[in-house]
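Notes follow the structure.
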Amino acid sequence: MVAVPISRPTPMHEAPTALPAPAAEVNSHELSHWIAAGAVVAGGALMVTGHRKAGMAVAAAGTALALLEEQELVVDWWKSLPTYLGQAQDFLEKVEHYLAEATVQGQRIQGILRR
């Protein structure tokens, strides 16, 4: 059997020995993140329900608010964008090359089968 200590309640006429900790202050940075996320979700809900223009406007406002709070991240993305575009262009060139080769091989196979 386990013994559990039970504290004695403080009588009403005595003041508590320690004040309760104050509620944590809401960080404005965190609050803006919640507002931005809520706006994006609300915009998505509006678009799903058929209010496309209003949904786009609300989602764009939420996205803009989120981007304003993360300016360093946006600058980093902007600086790395040419690298990503170069990689995408290389990938598309490879796909184009493979499709051209597939077309040539397909024509060869059709020529063989027609004989």
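Which residue, of V104, V95, V74, V58, is under 23 Å from S32 (Cα atoms) and modelled with pLDDT of 90 or more?
Only one candidate passes the filter, namely V58.
Condition test on A36, is it in contact with an Asp or Glu (Cβ under 9 Å, 6 or more places away or on another chain) and part of a helix (DSSP H, G or I)?
Here the answer is yes, as A36 does meet what is asked.
The values are calculated or read from the model by the stated rules, or taken from the named source; none is laboratory data. Keep in mind it's a predicted model, so treat the numbers as computed, not measured. As a convention, Cβ positions derive from the backbone with ideal geometry for all residues, glycine included, and neighbour counts pool all protein chains shown.
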